[in-house]
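The values are calculated or read from the model by the stated rules, or taken from the named source; none is laboratory data. Keep in mind that what you see is a predicted model, and the values were worked out from it rather than measured. Counting neighbours? That spans all protein chains shown, and the Cβs are built from the backbone with ideal geometry, glycine included. Each accessible area value is taken on the protein alone, full model and side chains, heavy atoms only, with ligands, DNA and RNA left out. Shrake-Rupley method; radii C 1.70, N 1.55, O 1.52, S 1.80 Å.
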Amino acid sequence: MPKFAKFALITLVSLIVLLIVAMVVVVNVINPNEYKPQITQLVQQQTGRQLQINGNISWSLFPWLGFKVNDVTLGNAKGFGSAPFVKFQQVTASIHLLPLLEHKVKIGTLKLKDLQLNLMTNAQGETNWQDFAGSSNKPKVKVAAKPKKNSTPNIQIDVHDIDISNANLHWQNAQTHQNIQLRALNFQSQNAGLNRAFNIDFDTTISNNITHKKLFISASTTAKISDHLNQVDLHRFSLTVNNLNVEGNLNIKGIKDNPNVKGDINIKSFNPRKLMSKLGINSYQPRDTKALTGVAMNLAFEGTPNNINVSKLKLNVDKTKISGTASVKNLASQPAVQFDIKVNHLNTDNYMPPKPQAPKQKTTAASVTSTTPATAPKATKPVIKPLNLAPLRKLNIDGKIYIDQLTAMNIKLKKAGMQLIAKQGLIQIQALSAKLYKGNTTTNITLDARSNTPSVRINSQLKGLQVQPFLTDFMNKKFISGVANFNINLTGSGTNADSLLKTLSGSTSFALKKGEIHGLSIDQQIEVVKAAIKKQPIPKLKRKNTTPFGSITGSSQLSNGVANSANLVISNPLFTANGNGNINLVAQTMDYTLTVHTKNAGDVDKFEIPITLKGDMNKPVVQLGLNSILNQLLGQKTQLLGKHAQGQVNNFLKKNSAVIGQLFK
C-alpha cells in the first residue's frame, strides 16, 4: 500500500474515532435539561405559546440519534382558553445515523405515551392550530413548477417499533356546537418498512355530545407498501365498530398517477338495529319487530376514480337473500349504472312504519238524530310543486331485477321481474311481469321527461287473476269474486300528479267469469219487487247477501281523467244487467246506472230494476229505483185504481224502505 494511502486511511479512522469519542463526551458531559429555559423561550418567541417541560430530557448521538422527553405541555393559542393544546407523558424517538449515508432511513422507535390533544374551532371559524401554518394574509409567491421526473428516488425506510398508547383527542366546534372525543387511542406497528409485510393494530372509543353514545372501533391488518410508494396491499384487514365486523383484502395500485383499487369485503352477520341504537338513531321502528336484525354481506369489486365494478354481490337481510352484479362508469361526468340483481323473497311491508291506528269515534244520540251537518273548516289544498326534471334527465341506468317471491302492500307476487332503462330523460320499465293469485301480468311503463312537460304511457295486461283473495289481501274487502282479465292502455302528461291525472286518456277493458258480487243481492231485489206487485209480505232476506254471475264484461274510454263506460254486461240465470255512466278520477266522483233485466219472474211480467251509484267514488250512494219498477208493472192498474192505489204503493215503499236498504249494506 502506498504511504499516502496508508496515511489517509489512518487519518480517516482517527477522525472517526475522535468523532465517536466526541459524541460520547457530549452525551455524557452536556445535560440537555440545563437548556430547558432556552427551549421554552424559543418556542414562546416562535409560536407565542407557553411550553412546559416538567420531566427529564435524555438523548443519544451514536450509533442511534435519539431522545426521550417526559411530561411536556404546550399551551393553547390566544383566545382558546386555558386548556393545553397538547400534552403528553412521554415521547421517545431514535434513528440510526450510518444508514442515512446509503439513502436508508432506519428508525428504531417512535413512542408516544398518554397524549392529550385539544383541537378547537371558535364561533368565527378560526382554529387553534392555524397559527402553525403562518398568516394567510401573506402574498403567495408563485414558484415555477419543476419538471416531473420519471422515477422516484429509491429510499428504504424501516421502523422497528411504533407505539402510540392511551392517546386522547378532543375536538370542539363552537360553530356547530359539536364535541367529539377519541379516548384510549392505541396504535402499534412492528418492523414497518417498504416492500415488505408488517402488522398494524389500532383501537379507540369515540363519543360525542349529540347522541351521547360510545362507539368502540378497532382495526388490524398486514400491510405492504411498495418502495416507490405507488402500491399498497392490505391483507386480511379487520375493522370492528361495536357489533359490526368487516373483513377483507385490498390492493391499491397506481396511487400517484392512475389509482386502481381491487378487493373483497366480508361483513359478518350483525344487528343493524343495535348499531343504530348505539349511534343514537332510535326513530326507525319497523312494522315487524324482527326486521333489520340480521344483515351480512360479501362482495368483490374493482374500481378507479371514474369506474366501479362489483363482480360479486351477496347480501342477506334477515331472511332475504340478494345476489348479483353491478357497475358504475363515468363517475366524474355522467354516471352510467348497470345492475343484474336476483332476490329469493322479500316482504317490504315488514320494513314499513307501523300502520296508524284509526281514532275511536264516540257515537252520541245527537250525532245520530241531527239532520244539520256540522260546519267543517275548509281544508287548505296543498301546493303541489312541479316535478324536478333535471335529476331524471341525468339518469343513465340499465338494470334488471328478479324477485322469486315479493310481498308489497300485502299483495303477494311470484317470479316478479323487470328491466329498468333510463337515458337522457327517457325512463322505461320494460317487461314488468309477475305471477299473482294464479294469474299472470305484464306491464310496460314509459316516462318521457325530455321535454318541459313530461308524459307517461302505461300498457298492462292481466290474465287469470283470482279476484277475491287479491282484494282480501290488498283492501281487506270481499266485494267481488271470480277470475279476471284486464287490459289497460293509458297516456297522460303533466308536471305533477294532479296535472297528469287531468290529462289521463286511453282505454281499459275487463272480463270476470264465474264469481259473485258481495254486499248486493239482485236476486233478492227481484223477490222484493215481485212481493210488492202481488201485495205480499216482504220475503225474509237471506244471510248470504251476494249476486252470482256467469260473467261480467266491460270497457271504458278515458279522456282528460274521466272514464266513460256504456257496455257493462252482467249475466245471471235470472237476469242480465247493463251498466253505463262515468267516473271522474280528478274529482273522485261517479255517476253510474246499472239496469237489471229480469229473465223469468214466474207469473209476473218481465221488468227492469234501475240501480244508481252517485257521489264520492270511494263511498257512493246506492239507490234502487222502486218507483220506476212499480210504474212499469202497475202502471195500468194504478191508473184504473186511481190515487188510492198509488198511495198504497207509496205506503209500501215507506214501510219496507229499511228492509230494502239492507240489500245494499
Quiz prompt | Unique match (being small (Gly, Ala, Ser), touching a strand residue (DSSP E or B) at 6+ places or on another chain (Cβ under 6 Å), open to solvent by less than 50 Å² (accessible area, probe 1.4 Å) and at pLDDT 90 or above) among Gly579, Gly561 | solution = Gly579
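Within the group Ser269, Ser283, which residue is of a type outside the set (A, V, I, L, M, F, W, C), open to solvent by 70 Å² or more (accessible area, probe 1.4 Å) and part of a strand (DSSP E or B)?
Values: Ser283 fails: part of a strand (DSSP E or B).
After applying the criteria, what remains is Ser269.
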Self-check item: Tally, over region 303-315, of residues that are assigned to a strand (DSSP E or B) and crowded, with 16+ Cβ neighbours inside 10 Å
Solution: 6
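Every residue, every condition in (1) touching a residue at least 24 places away in the same chain (Cβ under 8 Å); (2) aliphatic (A, V, I, L, M); (3) surrounded by fewer than 15 Cβ atoms within 10 Å (Cβ to Cβ); (4) closer than 14 Å to Ile522 by Cα, yes or no:
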{"residue": "Ser571", "(1), (2), (3), (4)": "no, no, yes, yes"}
{"residue": "Ile583", "(1), (2), (3), (4)": "yes, yes, no, no"}
{"residue": "Gln588", "(1), (2), (3), (4)": "yes, no, yes, no"}
{"residue": "Thr595", "(1), (2), (3), (4)": "no, no, no, yes"}
Exercise. Might you let me know whether region 584-604 holds any residue that is modelled with pLDDT under 90, within 30 Å of Thr503 (Cβ to Cβ) and in a strand (DSSP E or B)?
Key: yes
Quiz item: How about region 112-131: which of its residues are of a type outside the set (Asp, Glu), outside any loop (DSSP other than H, G, I, E, B) and open to solvent by less than 80 Å² (accessible area, probe 1.4 Å)?
Solution: Leu112, Leu117, Asn118, Leu119, Met120, Thr121, Thr127
Quiz item: Is one or more of the residues making up region 474-481 open to solvent by less than 60 Å² (accessible area, probe 1.4 Å), assigned to a helix (DSSP H, G or I) and either at pLDDT below 95 or of a type in the set (Asp, Glu) (or both)?
Solution: no
Quiz prompt | Pairs where the first residue, in region 410-421, is in contact (Cβ under 8 Å) with a residue 24 or more places away in the chain and the second is among the charged types (D, E, K, R) and not in a strand (DSSP E or B), C-beta under 7 Å, 6+ apart | solution = Asn410/Asp349; Asn410/Asp473; Ile411/Asp473; Lys412/Asp473
Exercise. Report yes if Val483 is touching a Leu at 6+ places or on another chain (Cβ under 6 Å) and either farther than 22 Å from Thr553 by Cβ or of a type outside the set (D, E, K, R) (or both), otherwise no.
Key: no
Practice problem: Scan region 203-252 for residues that are modelled with pLDDT of 95 or more, farther than 23 Å from Asp163 by Cα and of a type in the set (D, E, K, R) and report the count. | Solution: 1
Quiz item: Of the residues Gly324, Gly294, which single one is in contact with a strand residue (DSSP E or B) (Cβ under 6 Å, 6 or more places away or on another chain), farther than 20 Å from Val241 by Cα and either at pLDDT below 95 or of a type in the set (Gly, Ala, Ser) (or both)?
Solution: Gly324
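Out of Lys224, Lys214, which single residue is open to solvent by 40 Å² or more (accessible area, probe 1.4 Å), basic (Lys, Arg) and closer than 28 Å to Gln116 by Cα?
One residue alone meets the criteria, Lys214.
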Exercise. Give just the number: which of (1) surrounded by 16 or more Cβ atoms within 10 Å (Cβ to Cβ); (2) charged (D, E, K, R); (3) over 30 Å from Ala422 (Cβ atoms) does Lys256 not satisfy?
Key: (1)
Quiz item: Within region 496-531, how many residues turn out to be in a loop (DSSP other than H, G, I, E, B) and at pLDDT 90 or above?
Solution: 2
Self-check item: Counted residues, region 218-266 - those being in a loop (DSSP other than H, G, I, E, B) and over 24 Å from Leu315 (Cα atoms)
Solution: 12
Practice problem: With the condition kept exactly as written, say whether any residue in region 320-343 is open to solvent by less than 50 Å² (accessible area, probe 1.4 Å), among the β-branched types (Val, Ile, Thr) and within 20 Å of Phe270 (Cβ to Cβ). | Solution: yes
Quiz item: Going through region 286-301 one residue at a time, which ones are part of a strand (DSSP E or B) and surrounded by fewer than 16 Cβ atoms within 10 Å (Cβ to Cβ)?
Solution: Ala296
Practice problem: Quick one: which residue in Ile517, Ile480, Ile445 is farther than 19 Å from Thr546 by Cα and of a type in the set (Val, Ile, Thr)? | Solution: Ile445
Quiz item: Can you name the residue in region 154-175 that is at pLDDT 90 or above and outside any strand (DSSP E or B) and is also least open to solvent (accessible area, probe 1.4 Å) among such residues?
Solution: Ala174
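Among the residues of region 185-198, which ones are exposed (fewer than 15 other Cβ atoms within 10 Å of the Cβ), modelled with pLDDT under 95 and assigned to a strand (DSSP E or B)?
Gln190, Asn191, Ala197 - these are the residues of region 185-198 that are exposed (fewer than 15 other Cβ atoms within 10 Å of the Cβ), modelled with pLDDT under 95 and assigned to a strand (DSSP E or B).
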Quiz item: Tell me, which strands (runs of 3 or more DSSP E) lie completely within region 38-79 with 3 or more residues that are open to solvent by less than 70 Å² (accessible area, probe 1.4 Å)?
Solution: 57-60, 64-74
Exercise. Tell me, yes or no, whether region 263-274 has at least one residue that is touching a residue at least 60 places away in the same chain (Cβ under 8 Å) and at negative phi.
Key: no
